[in-house]
Structure formats: structure tokens, C-alpha cells
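Okay, structure first, notes after.
The values are calculated or read from the model by the stated rules, or taken from the named source; none is laboratory data. Since the structure is predicted, the reported quantities are computational estimates derived from the model, not experimental observations. Neighbour counts run over all protein chains shown; Cβ positions are idealised from the backbone, glycine included. Each accessible area value is taken on the protein alone, full model and side chains, heavy atoms only, with ligands, DNA and RNA left out. Shrake-Rupley method; radii C 1.70, N 1.55, O 1.52, S 1.80 Å.
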Amino acid sequence: MNIAILPGDGIGPEIMAEAVRVLEVLDIRYESETALVGGAAYAAHGHPLPEATLKVAQSADAVLFGAVGDWKYDTLERALRPEQAILGLRRNLQLFANFRPAICHPQLTHASSLKPELVAGLDILIVRELTGDIYFGQPRGRRVSPDGAFAGQPEAFDTMRYSRPEIERIAHVAFQAARKRSKRVTSVDKANVLETFQFWRDVVTEVHADYPDVALDHLYVDNAAMQLVKAPKAFDVIVTGNMFGDILSDEAAMLTGSIGMLPSASLNAENRGLYEPSHGSAPDIAGKNIANPLATILSLAMMLRFSLNQPEAALRIEAAVTKVLESGLRTSDIWSEGTQRVGTREMGSAVVAAVKSA
Ligand code: NAD
């Protein structure tokens with residue numbers, strides 16, 4: 001097993017260090033290579049995704065990714081901004097399926113912004129298409145100067161597009177995932193306004209014919225956003241496009257208490273993948289030993305399960321995280337009265353100890 005480790009910027013290196021410590025105590029044989037990505041790579045090599053980093057990622061069985069981005073790069077031209085590294089990796093590794101589970105751990109129901117009874121036992125899976133939609137359409141209009149002025153251009157626009165094969169393959173992924181759960185898929189679109197999403201709805205419905213054992217319903221994205229806070233447990237698998245998935249998965253993340261708890265996986269057709277926490281680089285808390293490393297540690301578990309065929313190691317990590325939460329340890333983002341506040345490093349150490357003792 002060959003693992004690429006890309007810590008990135010902000011809290012990325014801190015949370016990655018804890019995930020790597022967990023990986024090291026698992027008694028599995030692996031090789032790993034660490035490379036710069038994002039702002040750190042731009043600072044060292046003038047590009048957020050240097051050729052050498054891309055090579056490391058391409059030759060690995062799986063990529064463990066921290067986070068990229070920092071406000072100090074906001075004035076760079078778009079192609080050089082840290083976030084472009086993520087888009088470049090998705091494109092190059094053909095990672096079209098993004099899995100974002102939103103699970104509310106029983107110990108954390110009070111950390112949610114919703115009433116505990118609405119989120120207790122919540123377990124939904126958002127399957128977001130990653131390589132199409134407006135993020136990969138044609139941008140028009142360009143900020144031409146570093147201070148952000150559009151130099152008098154009268155408009156800017158981005159085109160939204162999806163091809164039939166792109167929708168078909170993500171729909172298959174969602175129906176297959178649903179088969180392993182409670183066999184319900186909700187497809188989220190904006191078919192009432194956008195042609196692209198009427199096409200999406202029609203193609204998802206066609207693919208559904210292959211999965212008569214799975215129930216399918218369709219929701220407009222505005223209604224889906226509302227239902228997610230009204231009755232989130234009514235959902236099982238949500239499948240949606242790149243932009244709606246981006247927004248809804250952050251909304252779902254907050255239902256579970258903290259974005260610091262949520263892992264994600266982005267897979268290609270061969271199950272090679274990139275695994276990362278759902279959150280960003282959190283520059284506001286970087287370097288303070290307060291970031292929650294659990295989303296990254298749980299991303300490592302997803303990596304072991306999906307790309308490296310080590311389901312037992314994945315279960316060991318997940319059980320260790322549950323045990324640590326049961327013991328009352330909390331980073332600041334999930335802390336509440338009566339629990340013990342710990343830092344990034346201490347949380348990592350507790351998970352390492354729990355993995356070792358399992
Ligand atoms: P963010 O997810 O970095 O932070 C949002 C809020 O959540 C902040 O208050 C932050 O302190 C908190 N937070 C995030 N992760 C946490 C953790 N592990 N533990 C505790 N608290 C945590 O989003 P943002 O502030 O909108 O963006 C910051 C930077 O991250 C930007 O440059 C953005 O472009 C980038 N970003 C990168 C990725 C990625 O690398 N995949 C994803 C989203 C945002």
C-alpha cells in the first residue's frame with residue numbers, strides 16, 4: 001500500500017500529524033510519501049499543485065489530504081490560489097464521486113444547533129458529483145488586477161453543464177451505496193428553473209430503472225435545504241451535483257455538531273481516492289493546538305475501508321474514536337459543560353491509546 005500524505009495549509013499539518021500517528025500504530029504495512037500542496041506549495045515552488053506533488057498523488061493507492069487555503073492568498077490570480085490544488089487533484093485523478101457521511105455521534109447530540117431529538121441517530125450520506133457542473137464550466141469575465149477590480153467589464157458569468165455519462169455514473173454510485181443502507185435515494189436538483197438539472201432529473205430517473213429495490217424521490221435544492229433542518233432523519237442517501245452538494249454537505253455537517261467531526265472520500269472508477277476532512281484550513285485557529293483532528297482520523301478510516309481494503313483497521317479507528325468520545329474528551333468545537341476540553345495533540349494521543357488497546 002502506497003499512501004500519499006498532503007498536509008497542506010493552516011490546521012492541515014496539525015491534524016495530519018495526528019492521523020499519521022494513528023496510521024503508525026495500526027500494524028499494517030504501508031509506504032508513504034509526503035508532499036507540499038496548496039499555499040505551502042505555492043510559497044515553495046510558485047504553484048499550488050506542483051508537478052512533483054501530482055506525481056506523488058498519481059502513483060499512490062490513496063491520498064490523505066489535510067486542507068488548503070489562507071486568506072493571504074486571496075489576491076492571487078485564481079489559477080494560483082491554494083484551492084486550485086484540490087480541483088486539480090480531482091481532475092487529474094478523475095475523482096468524480098464525493099462521499100460525505102453526516103453521522104451524529106450519540107455523545108454529541110447536544111453540540112448540534114438543532115434539538116437533540118431531531119439529530120439523535122442521524123446517519124445520512126451525501127453523494128456529491130465532483131467533476132462537472134458550474135465549477136468546471138467556462139468562466140467568463142476575469143478579475144484583471146490583484147486588488148480585485150474587473151476593470152470596467154460589464155458582466156461575469158460561469159456556465160453550468162453536465163454530460164449524460166457524468167450523471168449516469170454518479171447515479172449508479174448513489175444507488176449502489178443505498179443498497180448497503182436503507183435503500184432510499186433522494187436526488188436534489190433545480191429542475192424547475194435550470195435545463196441542466198431537468199436533464200439531471202431525467203437521467204437519474206432512467207438509471208433508477210436498474211435499481212427497482214431502491215426507492216427514489218426528487219427534491220428541489222431549496223426544499224432540500226429546508227428539509228435538512230426540519231427533519232434530517234427523513235433522508236438516507238442524497239445524490240446531487242457539484243455546487244448543491246458543496247452547500248448541502250456543509251449544512252448537513254453542522255447538524256452533527258461540528259464540521260471538525262466529518263470525514264470525506266472522493267473516489268474514481270477504480271476506487272482509488274482522496275480522503276480529507278470536510279472542513280477547510282481554518283486559518284483562524286491554525287497553530288494553536290485547538291483544531292479537532294477527528295475528521296481527518298475518520299477520513300483515514302474511510303481510506304482504509306474504500307481504497308486499501310482494510311475494513312478491520314477502519315473499524316478499529318472508528319471504535320477508538322467512539323471510545324474517546326465516551327470518555328468525555330472534547331476539542332473546543334465540540335466541548336460542552338461536564339466534558340473535558342483537550343487540544344489537538346491530546347485528542348490524537350487519546351485515539352492512539354484507544355487503537356493500541358483495542
Ligand atoms: P473552514 O472549514 O476552514 O472553517 C470554518 C469554521 O470552522 C472556522 O471557524 C474554523 O475555525 C472552524 N473549523 C474548521 N475546521 C475545524 C476543526 N478541525 N476543528 C475546529 N474548528 C474547525 O472554512 P473557511 O473559514 O470558509 O475557509 C478557510 C480556508 O479554507 C479558505 O482559504 C478556504 O478556501 C479553504 N477551504 C479549503 C477546503 C479544502 O482544503 N478542501 C475546503 C473548504 C475551505
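Go through region 51-75 residue by residue and tally those that are near the ligand (Cβ under 8 Å from one of its atoms) and either farther than 26 Å from Gln138 by Cα or of a type in the set (S, T, N, Q) (or both). Residues meeting the conditions: 2. Residue-level analysis places Glu337 among those that are outside any helix (DSSP H, G or I) and more than 21 Å from Met1 (Cα to Cα).
When Gly8, Gly46 are screened for being within 11 Å of the ligand (Cβ to nearest atom), assigned by TED's automatic domain parsing to the domain that holds Ile317 and of a type in the set (Gly, Ala, Ser), only Gly8 passes. Set side by side, the residues Arg78, Arg90, Arg21, Arg100 differ, and just one is touching a residue at least 12 places away in the same chain (Cβ under 8 Å) and more than 13 Å from the ligand (Cβ to nearest atom), which is Arg21. Here Pro116 meets each of (1) more than 16 Å from the ligand (Cβ to nearest atom); (2) of a type outside the set (Val, Ile, Thr); (3) under 30 Å from Val229 (Cα atoms); (4) in contact (Cβ under 8 Å) with a residue 60 or more places away in the chain with one exception, condition (4).
Considering only residues in region 289-322 that are of a type in the set (S, T, N, Q), in contact (Cβ under 8 Å) with a residue 40 or more places away in the chain and open to solvent by 50 Å² or more (accessible area, probe 1.4 Å), the one that is nearest to the ligand (Cβ to nearest atom) turns out to be Asn289.
If you scan region 102-114, which residues turn out to be open to solvent by 10 Å² or more (accessible area, probe 1.4 Å) and within 24 Å of Val188 (Cβ to Cβ)? Please lay out each step first, then the result.
First, pick out the residues of region 102-114 that are open to solvent by 10 Å² or more (accessible area, probe 1.4 Å): 103, 105-107, 109-114.
Ile103, Ser112, Ser113, Leu114 - these are the residues of region 102-114 that are open to solvent by 10 Å² or more (accessible area, probe 1.4 Å) and within 24 Å of Val188 (Cβ to Cβ).
If you take just the helices (runs of 4 or more DSSP H) that sit entirely in region 174-258, which of them hold at least 2 residues that are in the same structural domain as Ala111 (by TED's automatic domain parsing) and among the β-branched types (Val, Ile, Thr)? Outline the logic, then answer.
Numbers: elements: 195-208, 221-230, 242-255.
Qualifying helices (runs of 4 or more DSSP H): 195-208, 221-230.
Scanning region 150-173 for residues that are out of contact with any strand residue (DSSP E or B) (no Cβ under 7 Å at 6 or more places or on another chain) and either assigned to a loop (DSSP other than H, G, I, E, B) or under 23 Å from Gln227 (Cβ atoms) (or both) turns up Phe150, Ala151, Gly152, Gln153, Pro154, Glu155, Thr159, Met160, Arg161, Tyr162, Ser163, Ile167. Scanning region 255-288 for residues that are among the aliphatic types (A, V, I, L, M), farther than 26 Å from Lys72 by Cα and open to solvent by 20 Å² or more (accessible area, probe 1.4 Å) yields a single hit, Ala269.
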